[in-house]
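The values are calculated or read from the model by the stated rules, or taken from the named source; none is laboratory data. Because the structure is predicted, anything quoted here is derived from the model rather than measured. Don't worry about glycine lacking a Cβ; one is built from the backbone with ideal geometry, like all the others, and counts go over all protein chains shown. What goes into the accessible areas is simple: the full protein's heavy atoms, side chains included, and nothing from ligands, DNA or RNA. Shrake-Rupley method; radii C 1.70, N 1.55, O 1.52, S 1.80 Å.
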Amino acid sequence: QVQLVESGGGLVQAGGSLRLSCAASGRTFSSYVMGWFRQAPGKEREFVAAISWSGGSTFYADSVKGRFTISRDNAKNMVYLQMNSLKPEDTAVYHCAARGRWVRLAQSNEYDYWGQGTQVTVSS
């Protein structure tokens with residue numbers, strides 16, 4: 001099992017940047033594909049980005065491609081989401097998640113473990 005705790009959210013103006021962090025417990029962190037999802041009020045959970053076990057492969061939603069970067073540090077059991085050029089429509093609670101397989105990455109029900117989330121608010 002793995003436990004996930006997100007941090008780094010906050011209030012930022014449009015065009016600004018934030019870096020989200022997700023700390024994972026457990027000794028098998030490198031065996032998990034990691035993803036970031038977000039959920040805005042009244043909307044369904046939305047895929048943002050995923051990164052493979054070693055970090056060699058990444059996958060992004062079209063809505064964030066070129067603005068967000070996912071990375072991981074297996075030595076520290078950490079995964080990050082660097083968010084640049086933020087827009088008001090990026091406002092949501094951001095969750096990190098873990099799973100074993102590199103398939104159907106955008107499907108939230110394929111992920112086994114979830115963090116509680118961190119709020120990101122982008123003002124116009």
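Kindly list the number of the only condition in (1) surrounded by fewer than 22 Cβ atoms within 10 Å (Cβ to Cβ); (2) in contact with a Leu (Cβ under 6 Å, 6 or more places away or on another chain) that fails for R27. Result: R27 fails condition (2) only. Inside region 38-61, residues that are closer than 16 Å to E6 by Cα and in contact with an Asp or Glu (Cβ under 8 Å, 6 or more places away or on another chain) make up a count of 2.
Between S63, S7, S17, the distinction of being under 12 Å from Y80 (Cα atoms), hydroxyl-bearing (S, T, Y) and open to solvent by 20 Å² or more (accessible area, probe 1.4 Å) belongs to S7 only. Among the residues of region 39-50, is there at least one that is under 14 Å from the mean Cα position of the chain (by Cα), open to solvent by 10 Å² or more (accessible area, probe 1.4 Å) and over 22 Å from Q119 (Cβ atoms)? Within region 39-50, not a single residue is under 14 Å from the mean Cα position of the chain (by Cα), open to solvent by 10 Å² or more (accessible area, probe 1.4 Å) and over 22 Å from Q119 (Cβ atoms).
Taking the listed residues V79, V33, V93, the one that is touching a residue at least 24 places away in the same chain (Cβ under 8 Å) and open to solvent by 20 Å² or more (accessible area, probe 1.4 Å) is V93, with no other qualifying. R72 meets the conditions (1) under 29 Å from S124 (Cβ atoms); (2) of a type in the set (D, E, K, R); (3) in contact with a helix residue (DSSP H, G or I) (Cβ under 9 Å, 6 or more places away or on another chain) in every case but one. The failed one is (1).
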